[in-house]
Amino acid sequence: MPLETIQGARLIGRTRINWHGDARSLLIADIDLAQAAIHRQTLALALRSRAALLRMVGLVGRGAAIAATMITSPAGALLALPAVWQFVQEVLAEVRQSMVSST
């Protein structure tokens with residue numbers, strides 16, 4: 001899915017980034033520095049958003065793995081509270097990190 005930057009009704013830039021991180025940008029021929037900066041900022045925001053989504057998917061997967069281990073293990077009830085506490089601390093650290101990196 002390409003990222004497009006539109007100023008007014010005019011498309012000024014389109015960038016496509018694949019899952020390997022390769023990027024291809026198409027910009028209007030008469031782009032000025034301000035328009036290029038707008039497209040760069042839009043691209044940076046989109047990349048941070050994708051990174052946050054991937055981190056969240058990883059956290060959800062880890063949480064599911066912890067829950068599955070607690071359910072299937074005879075000692076699961078004893079290990080549940082510390083495992084959940086550690087997981088919650090990791091989620092909070094991730095939230096703090098994303099808040100710091102977004103400012």
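Here, each number is a calculation from the coordinates, and none is a lab measurement. Source: prediction; values computed, not measured.
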For the chain, restrict the atom set to alpha-carbon positions and state the Rg and Dmax in Å.
-> 20.5, 67
Residue-ordered couplings for segment 16-32, obtained by feeding phi - 60° into the Karplus form 6.51 cos²θ - 1.76 cosθ + 1.60 and rounding to whole Hz (Gly and Pro as x), are 10, 10, 8, 5, 8, x, 6, 10, 9, 10, 10, 10, 5, 5, 9, 5, 9
To the nearest 10 degrees, the tilt of helix 76-101 (Cα long axis) against the first principal axis of the alpha carbons of the chain is 20
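What does the helix-only formula give at 222 nm for the chain: each DSSP H stretch with n ≥ 4 adding -39500 (n - 2.57), the total divided by the residues, and the result rounded to the nearest 500 deg cm²/dmol?
Values: 2 runs with 66 residues, N = 103.
For the chain, the value works out to -23500 deg cm²/dmol.
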List, in order, the whole-Hz ³J(HN,Hα) value for each residue of segment 48-56 obtained from phi through the Karplus relation with A = 6.51, B = -1.76, C = 1.60 and θ = phi - 60°; use x for Gly and Pro.
-> 5, 5, 5, 5, 5, 4, 5, 4, 5
